[in-house]
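See below for the structure under consideration.
Only the coordinates and a few stated rules stand behind these numbers; no lab work does. Predicted model, so just to flag it, every value in this text is computed and none were measured. Cβ: placed from backbone, ideal geometry, glycine included. Neighbour counts: every protein chain shown.
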Amino acid sequence: MPRHFAGLDGAATLATAQFQLTARIVADLIASQATGVIHGPAGTGKTYAVEAALEILTHDHEPVTAYTLAFAPGPTMRQVTDALVHALTGASVPSHRSRFYLTAALTGLLSGPPRLVVIDEAQRLNGDCIELLRHLHDHPDTRFALLYVGGDGCWEVLSREPMLRSRVFRRLPFQPLPRAQVPALMRGYHSIYHGADDPLLLDIDDTCAHGSLRDWAVFTRTAVTLCDESGRDCIDETVAASAYALLGGGVR
Amino acid sequence: VTSTSTRTRRPRTVVVDNPADDAAITAHLTAVAGLAAGRAIIRPTPGAVSVGELGLDVLVAAGVSAESARQQHVTGLCWEYGRAWLAGYQVTDIITDRAHRLTAAQLEALGGLAADLGASLWLVWASTSDPATAITTLRRRTGREVERISVWDFHGQLRPAEPDTARAVAGPWPTLPEADFITFLAA
């Protein structure tokens with residue numbers, strides 16, 4: 001399993017519906033060489049779920065290679081092309097090489113064994129870059145699945161592009177953890193929550209986490225340290241209050 | 001260069017309206033493609049806005065590697081080479097995907113290519129933008145009226161090529177030489 005945010009040790013993977021659907025969607029995309037989108041607010045576990053799904057990638061019992069790319073806001077088509085060539089070949093692209101030939105070369109590079117290309121922070125792409133990826137994906141010689149993963153505004157950006165909207169085979173919106181499910185989920189998340197009661201766990205969620213797994217990881221890392229320092233096995237109101245103080249009083 | 005094939009159909013210039021950018025047309029283009037059947041599919045490289053770069057896409061549509069053209073320093077002649085290869089294949093239909101992204105100069109060059117070859121030109125217009133300017137350019141360059149049809153009509157009017165039965169019964173494949181190939185020459 002991937003590392004939890006903030007280097008948190010001892011935490012379990014929460015098999016939420018979104019987490020399990022991610023594995024299914026990634027498998028479906030690879031099987032159909034199709035395009036998918038996973039999007040949702042930051043900290044809701046998208047990247048963790050995708051990384052976990054990538055660890056078990058196979059297609060017809062053959063391993064599938066995944067390439068995860070992320071770009072600064074507003075990348076150019078040249079930057080996307082160079083990043084893809086570098087990811088596929090390991091070689092840096094000479095700046096004098098024309099993007100036209102690199103694009104043509106990519107159709108060849110992507111024509112071999114099945115692959116998965118993951119574009120993280122996909123909301124940063126503009127229409128030209130999405131068109132470039134469409135060009136490569138639609139080409140009859142290429143064989144790869146394409147997964148866009150993005151945070152706030154991702155679906156709004158991607159769905160504005162008709163060429164992408166009509167090609168999305170799977171789409172999964174991530175949401176923060178439902179408040180009502182937080183106590184049960186968190187008691188299985190880390191041993192310090194095993195004996196915690198519902199009101200305390202809901203107070204932590206209301207104060208610090210707001211259903212965000214990333215914020216829960218940060219809080220838990222802090223609380224584990226405080227429990228260790230005070231000789232406790234389980235969190236209580238005192239530890240929670242101290243953690244709130246260390247985390248800015250729970251102010252978001 | 002003009003194809004010497006016997007043509008029974010009047011060459012047409014057709015804009016295929018695909019305002020929703022329906023992805024199904026991608027599979028249809030692959031199904032109808034085939035130089036042996038006289039159909040060339042041009043897939044313009046995104047961001048390639050010059051006539052010369054589109055010429056390289058034409059070359060690729062004619063089954064020739066653009067990289068080979070670069071290595072042989074003939075990229076400046078890509079339109080001439082592409083036209084010659086397409087004439088050699090007796091191409092009757094030139095289908096251009098993503099035509100809405102082409103510049104006026106690129107559309108004019110495509111119109112000239114189709115007129116020279118006496119081939120029908122199909123332009124897939126995957127946009128809600130008005131193709132009126134493109135139609136004017138194409139009408140002037142090809143000397144033909146420009147038709148507009150829907151994706152649905154396109155599927156009906158340009159069907160997947162029939163298997164080449166004449167070629168299939170022509171006989172067995174030639175015997176391969178036993179000697180190893182040291183290198184492959186670029187086309």
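Which peptide among B:149-156, A:188-195 comes first, and what is the full order, when sorted by highest mean count of other Cβ atoms within 10 Å?
A:188-195, B:149-156
Let a ≥ b ≥ c be the square roots of the eigenvalues of the Cα gyration tensor of segment B:18-63; is it rounded (a/c under 1.5), or, if not, prolate (a/b larger than b/c) or oblate?
Cα axes put segment B:18-63 in the oblate bin.
So what is the calculated 222 nm ellipticity per residue for chain A, using -39500 (n - 2.57) for each DSSP H run with n of 4 or more, over all residues, to the nearest 500 deg cm²/dmol?
-13000 deg cm²/dmol
Please work out the FRET efficiency for the pair A:Ile56 and A:Arg143, using the Cβ-Cβ distance as r and a Förster radius of 25 Å; give the result to the nearest 0.05.
Once rounded, the FRET efficiency stands at 0.80.
Cα atoms only: what Rg and Dmax, in Å, come out for segment A:201-252?
Gyration radius and largest Cα-Cα distance of segment A:201-252: 10.0, 29 Å.
Expected output is a single nm value to one decimal: the length gained when fully extending between A:Ser98 and A:Asp9, i.e. 0.36 nm times separation in residues minus the C-alpha distance. What is it?
Residue separation times 0.36 nm, minus the Cα-Cα distance, leaves 27.4 nm.
Based on the Cβ-Cβ distance from A:Asp233 to B:Ala20, what FRET efficiency comes out when R0 is 60 Å, to the nearest 0.05?
So the FRET efficiency works out to roughly 0.50.
Restrict the search to segment B:1-106; then list the trypsin sites (Lys or Arg not before Pro) that DSSP places in a loop and that have at most 10 other Cβ atoms within 10 Å of their Cβ.
Here the sparse-neighbourhood loop sites are B:Arg9.
Could you calculate, for segment B:85-163, the ratio of the Cα radius of gyration to the Kirkwood radius, expressed as Rg to Rh?
Taking Rh as the inverse mean 1/r over Cα pairs, Rg/Rh reads 0.96.
Amide H to amide H under 5 Å from B:Thr13: which residues, 5+ apart in sequence or cross-chain, H placed 1.01 Å off N in plane?
B:Leu121, B:Glu147
Once you put a point 7 Å from the Cα of B:Ser150 and another 7 Å from the Cα of B:Ala132, both along the Cβ direction, what distance in nm separates them?
Rounded to a tenth, the inter-label distance reads 2.3 nm.
A:Arg24 versus A:Ala70, label points 7 Å from Cα toward the beta carbon: distance in nm?
Roughly 2.8 nm, to one decimal.
Residue by residue through segment A:141-152, what is 3J(HN,Hα) from phi via Karplus (6.51 cos²θ - 1.76 cosθ + 1.60, θ = phi - 60°)? Round to whole Hz and write x for glycine and proline.
Residue by residue, segment A:141-152 yields 7, 8, 9, 7, 8, 10, 10, 8, 10, x, x, 4 Hz.
Kindly identify the protein assembly as shown as rounded, prolate or oblate by the Cα gyration tensor criterion: order the square roots of the eigenvalues as a ≥ b ≥ c, call it rounded if a/c is under 1.5, otherwise compare a/b with b/c, prolate if a/b is larger, else oblate.
Verdict is prolate for the protein assembly as shown.
Once the Cα atoms of chain A are picked out, what are the Rg and Dmax in Å?
Rg then Dmax for chain A, in Å: 20.9, 64.
Taking the C-alpha atoms of segment A:4-109, how large are the radius of gyration and the largest Cα-Cα span, Dmax, in Å?
Taking only Cα atoms of segment A:4-109, I get Rg and Dmax of 16.7, 49 Å.
Order these by the 10 Å Cβ neighbour count, fewest first: A:Ile56, B:Ile135.
With the fewest neighbours first, A:Ile56, B:Ile135 line up as A:Ile56, B:Ile135.
Sort B:Ser127, A:Ser92 by Cβ crowding within 10 Å, fewest neighbours at the top.
So the ranking, lowest neighbour count to highest, is A:Ser92, B:Ser127.
Using only the Cα atoms, what convex hull volume per residue in Å³ does segment A:116-252 have?
137 Å³
Determine the shape class of segment B:1-111: with a ≥ b ≥ c the square roots of the Cα gyration tensor eigenvalues, call it rounded for a/c under 1.5, and otherwise prolate if a/b is greater than b/c, oblate otherwise.
Cα axes put segment B:1-111 in the oblate bin.
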